[in-house]
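Trainee: The structure under discussion is supplied below as structure tokens; questions concerning it will follow.
The values are calculated or read from the model by the stated rules, or taken from the named source; none is laboratory data. Remember, it's a predicted structure, so these values are computed and weren't measured experimentally. Cβ atoms come from the backbone with ideal geometry, glycine included; neighbour counts cover every protein chain shown. Accessible surface areas use protein heavy atoms only, side chains included; no ligands, DNA or RNA. Shrake-Rupley method; radii C 1.70, N 1.55, O 1.52, S 1.80 Å.
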Amino acid sequence: MRAPAAMLAGFHWRRWLAVIICVAVLLIGVPLAHALVGDLGALLLLVGVGGFALGRATAPRPLPILPRKGRGRG
């Protein structure tokens, strides 16, 4: 059995954070934006926020640098 710290280290926070942001925008942001800026303003505002969240969720992450194994070394 793994320690809780080891389980949290391998958890995909970035993906789930994007999901939480999208759900919060849909449940809280849409009615609030509609009440504050009207139909067109809410549409433009939410497209911008949704695009940002989607871009952050799908941005490439740098790969870890692994040591290279040389030939003839043992």
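Trainee: Place the peptides 58-68, 21-31 in order of packing, highest mean first, counting for every residue the other Cβ atoms within 10 Å and averaging per peptide.
Mentor: Descending mean neighbour count gives 21-31, 58-68.
Trainee: In nm, what is the difference between 0.36 nm times the number of residues separating L46 and H34 and their Cα-Cα distance?
Mentor: 3.3 nm
Trainee: Same structure again: Can you send over the carbon and sulfur percentage of the accessible area for segment 13-74, probe radius 1.4 Å, protein chains only?
Mentor: 72 percent
Trainee: Also: Hey, can you rank 36-42, 47-53 by average C-beta count inside 10 Å, highest first?
Mentor: The densest-packed peptide leads the list: 47-53, 36-42.
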